[in-house]
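Single-structure report; data block below.
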C-alpha cells in the first residue's frame, strides 16, 4: 500500500504488492511461508477498507496486541503472527458496527455475536468473505488465497475509579456470560434456567425473560453483559481495558486513558497503521522489554486457516493437491539415470577403439607391417582399419573441443596421435598399442576421471551460501566447476507463469556464470549438482521450469546436493509455529530427491529428520539420517572481514524509540555523552549511528521537545564528523559493522548469530 498523505495525518491507501512480497521469507530468524504472506496481504486489504470507513465517519481506532507490537518492533507483522488486531473505544465501536454493514465494500462483512450464529466473542470481526471461495475472479482479487481472512476489533471500556464497583460489575458480567453459555449449550434444566435468570434480573434491576430460542437468549444475555462492561462514564475513570476477558486477567491489563489521547500513524508492511501515542508505556506494561524477541505462540491455532482447510477437505469431492512421499525418488536408483554424459561416451568409444587397435597392432610393429607373414600377401584391410580408427579419434577430439575447448592437453595429444596414424597409413612402423595407451591415459586423467561440478543458484541474494563451495572447487586442479544460473518465475494464483526473472547479469563477474540454457545437462552429466531451490512446483509464489526440477536433475548427475540457503533461529519441536512451518521447506521435492542435504546445525538436522519421518513414515528414518547432513565449517558462509579506514573496527550504535521514551528524562544527555566518548576513540573505532525510523515518524507527536533535542544532537554529530548515519532498514550497512552497542532491538539477534559482540546500553550509567 502506498501512503498518499503525510505519515502523521490521514492516509488513504492504494493497495500494491510486488510479486516478491509473496515469496517465502526469513524474518528475524523465523520462516514465513508464502501462504502466510498471502493471508497478510488479504488482511491488509481488509484493514484498508476499515481505515476508509473510519476516516469517513471520524472513528478512532488503533493497533492492538500483536499488531501493535509488530508495528513498533517490526514495522509490520510479528513474523510468527498470522492475524490483525485493532481496538476501538466503546462509542467508536458502536458507531463502526452501525455503519459497517452498509459501508463495507468488495465482499467484506462484519461479524459479531448479534448477527452471526456460533460467534461467541465480545468483539467484532471484519472478514474478506463469509465463505471459502475458489472462484477465479475471487482468487485473482485475493492473491490466490481462498480462505476467510479478516481482522479482530477489540473493545476498550472505562475502568471505574471505585475498585469495589468495578469488581462487582466484572463479577456480574462474568456470571451472566456463564449462565448464557450454559443455557445455550443445554446444560441447565428449566428450573435452573428460571432461577439463574431471576438472579440476573435482581442483580441488574431489570426483567430478563425466558426465550424459546436458546441461542437468541444467549444473544440477549451477552448484550446485557456488554452494557455492564460499558456502564462507567469517561469522566469517572482514568483507565481503560478490554473488559472481557482481559478484566479477569488483573490490573496489568488496565491502561491509563491518557495513552489513548491521540493516535499516530506508523509504518506497517507497505502501509501505515494508527497506534496510541502511549504505545511504549502500554507495551512495556504488557511485555516488559518488548523489543527483545520472544517467540510466543499466541492465542489461536497456527496458521489460523488450518481449520478451514480441514473443513474444505471434508466438503470437497476432490482432494487439494498435496506433495506426497515417493520412496523411489528418495533413494538413488541407477535405472533412473537417463545417460552418463559425454565422459561415458568418451570412455566407451576409447575402449572400442582400443579393441580395434589390438586387432591390428601386432602387424605394424615390424618393418613388413603390410605383409602377412604366412601368405606373404599385402593386408589391405589394415588401411581401412587405420582410416576408421582415425575418424573415431577425430570424433573424440571434436567432442572434447565442444565440451572443454581447444586448449586442452587431450586435444593436443589427439592431434599428435592422428599424425602417427597417418604415418602408419604410409607404411611406417609404430607401437600403436602403446601410443594409444598414452593417449587414453591423458584423456582419462584430464577428462574422464576429472570431476565436474555444477552449482545452480537462482537468486543473487543466496549466492553467499554456495560461494565457499565454488571457491574450493576453483582451487582444486582436478575439478571443473560451472555456475549455471536458473531462471525462475512468479506464479499466478492458478500456478501459471506470471513474471519471468533471470538474475544472471547480477551475479559476480569473477564467477563467469552462464545461463542454464547454455549448459547441456544430459551431455555433461556432471559428477555433482548443487541446488538452492528445493521446491520444484510446490512453492505457492515462485518456481523454476520443470526441466530443472530436482527429479530431472537427479537423473543427470551422480550426486544431487541441496544446500539450505537461509539461516534460522534455532528451535525445537516445542516451538509449535516454527515446527509447523518446516513443512514449507523441509517436506519438499528437492530435499526428498537430493542425495545429500546440508543444513545449518546438528539441532536443525534432528528437526529435519523428525519432520521428514513424520511426513514419510517411521520406516524411513534411516533414509533421512543418511541424507541430512550438517554443513562442514568450510561450507559455511564466511563472515567477511570488512576493511575499514585505517584498520578501524566499526561499531553500530543503535537508538530506539522505546529506549528514548522509557528514559526520556536522561535520554538526550546519555546519547550525547556516548557520542563524545566514541569521538575520543575515533582513531580506533569507526562509528555508525542507527536511529530507528519510528523516532522520526512518531516521536514528534509524542514528545516534540525531546525530538528536537535528538535532532540537535544528530546535526552536531554530522557537523563534527564523529561517524556515519544509517536507518534500521539499511541492512547492508548494519551487517557490515563489527560490534553492537545501544538499545535492545531485533538487530541484536543478527549480531549474536554472527558471533559479534553485543552490549545493551544502560541509560542510568
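The figures follow:
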{"item": "Test for residue 695: is it touching a strand residue (DSSP E or B) at 6+ places or on another chain (Cβ under 8 Å), within 26 Å of residue 68 (Cα to Cα), in a helix (DSSP H, G or I) and touching a residue at least 40 places away in the same chain (Cβ under 8 Å)", "result": "yes"}
{"item": "Unmet criterion (only one of (1) farther than 21 Å from residue 82 by Cα; (2) over 29 Å from the mean Cα position of the chain (by Cα)) for residue 111", "result": "(1)"}
{"item": "Qualifying position, being buried (at least 16 other Cβ atoms within 10 Å of the Cβ), at pLDDT below 90 and under 56 Å from the mean Cα position of the chain (by Cα), among 444, 402", "result": "444"}
{"item": "Residue within segment 136-159 that is over 24 Å from residue 302 (Cα atoms), touching a helix residue (DSSP H, G or I) at 6+ places or on another chain (Cβ under 8 Å), touching a residue at least 12 places away in the same chain (Cβ under 8 Å) and not in a strand (DSSP E or B) present", "result": "no"}
{"item": "Search result, residues across segment 740-755 that are free of Cβ contacts under 8 Å to residues at least 60 places away in the same chain and either surrounded by fewer than 17 Cβ atoms within 10 Å (Cβ to Cβ) or outside the structural domain of residue 686 (by TED's automatic domain parsing) (or both)", "result": "752"}
{"item": "Sole residue being touching a strand residue (DSSP E or B) at 6+ places or on another chain (Cβ under 6 Å), under 24 Å from residue 177 (Cβ atoms) and at pLDDT 90 or above, chosen from 158, 91", "result": "158"}
{"item": "From 674, 712, residue being at pLDDT 95 or above and either part of a strand (DSSP E or B) or over 37 Å from the mean Cα position of the chain (by Cα) (or both)", "result": "712"}
{"item": "Residue list for segment 311-326, restricted to those being part of a helix (DSSP H, G or I) and either surrounded by 11 or more Cβ atoms within 10 Å (Cβ to Cβ) or modelled with pLDDT of 70 or more (or both)", "result": "311, 312, 313"}
{"item": "Residue tally, condition modelled with pLDDT under 90 and part of a loop (DSSP other than H, G, I, E, B), over segment 271-289", "result": "2"}
{"item": "Test result for residue 96, at pLDDT below 95, buried (at least 18 other Cβ atoms within 10 Å of the Cβ) and over 29 Å from the mean Cα position of the chain (by Cα)", "result": "no"}
{"item": "Which numbered condition residue 418 fails, given (1) touching a helix residue (DSSP H, G or I) at 6+ places or on another chain (Cβ under 8 Å); (2) exposed (fewer than 13 other Cβ atoms within 10 Å of the Cβ); (3) farther than 30 Å from residue 145 by Cβ", "result": "(2)"}
{"item": "Test set (1) at negative phi; (2) modelled with pLDDT under 95 - residue 107 fails condition number", "result": "(1)"}
{"item": "Which numbered condition residue 91 misses (of (1) assigned to a helix (DSSP H, G or I); (2) touching a residue at least 12 places away in the same chain (Cβ under 8 Å); (3) more than 20 Å from residue 280 (Cα to Cα))", "result": "(2)"}
{"item": "Residue count for segment 505-535, restricted to those that are crowded, with 20+ Cβ neighbours inside 10 Å and under 13 Å from residue 456 (Cβ atoms)", "result": "12"}
{"item": "Search result, residues across segment 587-603 that are assigned to a helix (DSSP H, G or I) and crowded, with 17+ Cβ neighbours inside 10 Å", "result": "589, 590, 591, 592, 593"}
{"item": "Hey, residue 701 at pLDDT below 95, outside the structural domain of residue 464 (by TED's automatic domain parsing), more than 30 Å from residue 467 (Cβ to Cβ) and out of contact with any strand residue (DSSP E or B) (no Cβ under 7 Å at 6 or more places or on another chain) or not", "result": "no"}
{"item": "Any hit, segment 718-739, residues being in a loop (DSSP other than H, G, I, E, B), at positive phi and exposed (fewer than 15 other Cβ atoms within 10 Å of the Cβ)", "result": "yes"}
{"item": "Test result for residue 329, touching a helix residue (DSSP H, G or I) at 6+ places or on another chain (Cβ under 7 Å), modelled with pLDDT under 85 and either within 30 Å of residue 627 (Cβ to Cβ) or part of a helix (DSSP H, G or I) (or both)", "result": "yes"}
{"item": "Matching entry among 489, 535 (being assigned to a loop (DSSP other than H, G, I, E, B) and either touching a strand residue (DSSP E or B) at 6+ places or on another chain (Cβ under 9 Å) or not assigned by TED's automatic domain parsing to the domain that holds residue 596 (or both))", "result": "535"}
{"item": "Among (1) out of contact with any strand residue (DSSP E or B) (no Cβ under 7 Å at 6 or more places or on another chain); (2) modelled with pLDDT under 95; (3) surrounded by fewer than 20 Cβ atoms within 10 Å (Cβ to Cβ), the one test that residue 606 misses", "result": "(2)"}
{"item": "Among (1) under 19 Å from residue 484 (Cβ atoms); (2) in contact (Cβ under 8 Å) with a residue 12 or more places away in the chain; (3) surrounded by fewer than 19 Cβ atoms within 10 Å (Cβ to Cβ) - the single one residue 566 does not satisfy", "result": "(1)"}
{"item": "Residue in segment 544-561 that is more than 30 Å from residue 343 (Cβ to Cβ), assigned by TED's automatic domain parsing to the domain that holds residue 484, touching a helix residue (DSSP H, G or I) at 6+ places or on another chain (Cβ under 8 Å) and part of a loop (DSSP other than H, G, I, E, B) present", "result": "no"}
{"item": "Test: residue in segment 43-53 that is surrounded by 21 or more Cβ atoms within 10 Å (Cβ to Cβ), in contact (Cβ under 8 Å) with a residue 12 or more places away in the chain and under 21 Å from residue 577 (Cβ atoms)", "result": "yes"}
{"item": "Qualifying residue in segment 175-196 (condition: within 26 Å of residue 83 (Cβ to Cβ), touching a residue at least 60 places away in the same chain (Cβ under 8 Å) and surrounded by 18 or more Cβ atoms within 10 Å (Cβ to Cβ))", "result": "yes"}
{"item": "Selection status of residue 720, without any contact (Cβ under 8 Å) to a residue 12 or more places away in the chain and under 26 Å from residue 648 (Cα atoms)", "result": "no"}
{"item": "Where residue 294 falls short, out of the listed (1) in contact (Cβ under 8 Å) with a residue 12 or more places away in the chain; (2) under 24 Å from the mean Cα position of the chain (by Cα); (3) part of a loop (DSSP other than H, G, I, E, B)", "result": "(1)"}
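The values are calculated or read from the model by the stated rules, or taken from the named source; none is laboratory data. Since the structure is predicted, the reported quantities are computational estimates derived from the model, not experimental observations. Reconstructed Cβ throughout: ideal geometry from the backbone, glycine too, with neighbour counts over all protein chains shown.
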